[in-house]
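Worksheet: one structure, shown below.
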Ligand code: URA
């Protein structure tokens with residue numbers, strides 16, 4: 001694993017909420033609340049790569065020049081359905097200029113390979129250099145779905161340095177798989193767990209994130 005491109009974000013708020021979301025006795029509502037608090041921290045970290053421009057502001061006291069996010073970029077949040085949706089409300093609160101482009105994949109239970117069922121990503125990217133992509137999925141397990149999602153954007157000419165994978169719990173196997181295909185991609189996560197069981201679930205993980213978040 002190339003630790004340089006994995007940003008493990010930790011602070012007491014994240015640790016406390018990881019305990020809540022992982023605990024099997026936590027209700028679905030409380031899983032959602034805890035998960036959203038973590039997504040907020042991770043999204044602020046991800047936003048550190050956004051390009052800035054000068055902006056003149058008039059406060060009630062004085063006019064001065066400061067920095068703000070370049071409005072000329074195309075910021076895309078791509079949640080991998082279902083569980084990746086938990087990032088979207090927070091993401092558009094924090095970054096209202098972002099557009100949400102859903103990616104629907106589920107895991108074939110036997111092969112663990114992703115099966116596409118929905119794709120809201122346009123065929124072509126205009127000005128790929130100006131596109132910034134945050135692919136969200138709380139669980140980076142085998143890495144199969146994430147890999148498909150990265151490929152979708154990278155094949156449109158979007159620089160890999162502009163694509164970030166934001167997860168909450170990652171397995172070393174998944175991280176290695178992504179890095180083998182895209183050594184320079186940045187993965188932002190709140191935890192790196194021990195590994196995967198024979199069904200592709202993260203140990204200790206949180207179980208099925210989609211089921212736990214959506215009470216299914
Ligand atoms: N997806 C989940 O929801 N949980 C896992 O542990 C692995 C993949």
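The values are calculated or read from the model by the stated rules, or taken from the named source; none is laboratory data. Keep in mind that this is a model prediction, so the values were computed, not measured. With ideal geometry, Cβ positions are generated from the backbone for all residues, glycine too; neighbour counts draw on all protein chains shown.
Please specify each residue of the range 99-108 satisfying the condition of being part of a strand (DSSP E or B) and within 14 Å of the ligand (Cβ to nearest atom).
The initial filter retains those residues of the range 99-108 that are part of a strand (DSSP E or B), namely 99-100, 103-107.
Answer for the range 99-108, where residues must be part of a strand (DSSP E or B) and within 14 Å of the ligand (Cβ to nearest atom): 105, 106, 107.
Would you check which residues across the range 181-193 are farther than 18 Å from residue 152 by Cβ and either without any contact (Cβ under 8 Å) to a residue 40 or more places away in the chain or surrounded by fewer than 18 Cβ atoms within 10 Å (Cβ to Cβ) (or both) and list them? Result: 183, 193. Under 23 Å from residue 211 (Cβ atoms), crowded, with 17+ Cβ neighbours inside 10 Å and either modelled with pLDDT of 95 or more or in contact with a helix residue (DSSP H, G or I) (Cβ under 8 Å, 6 or more places away or on another chain) (or both): does that describe residue 131? Criteria not met by residue 131.
Is it true that residue 37 is surrounded by 12 or more Cβ atoms within 10 Å (Cβ to Cβ) and not in a loop (DSSP other than H, G, I, E, B)? Judged against the criteria, residue 37 is a match. Restricting the first member to the range 90-109 and to residues that are within 20 Å of residue 45 (Cβ to Cβ), and the second to residues that are within 16 Å of the ligand (Cβ to nearest atom) and modelled with pLDDT of 95 or more, the beta-carbon pairs closer than 8 Å and six or more apart or on different chains are 90/39; 91/39; 91/136; 100/79.
Would you list the helices (runs of 4 or more DSSP H) that sit entirely within the range 109-216 and hold 2 or more residues that are in contact with a strand residue (DSSP E or B) (Cβ under 9 Å, 6 or more places away or on another chain), away from the ligand (no atom under 14 Å from the Cβ) and farther than 23 Å from residue 38 by Cβ? Outline the logic, then answer.
Numbers: elements: 144-154, 172-181, 209-214.
Where helices (runs of 4 or more DSSP H) fall fully within the range 109-216 and carry at least 2 residues being in contact with a strand residue (DSSP E or B) (Cβ under 9 Å, 6 or more places away or on another chain), away from the ligand (no atom under 14 Å from the Cβ) and farther than 23 Å from residue 38 by Cβ, they are 144-154.
Among the residues of the range 43-80, those that are crowded, with 17+ Cβ neighbours inside 10 Å and in a strand (DSSP E or B) comprise 74, 75, 76, 77, 78, 79, 80.
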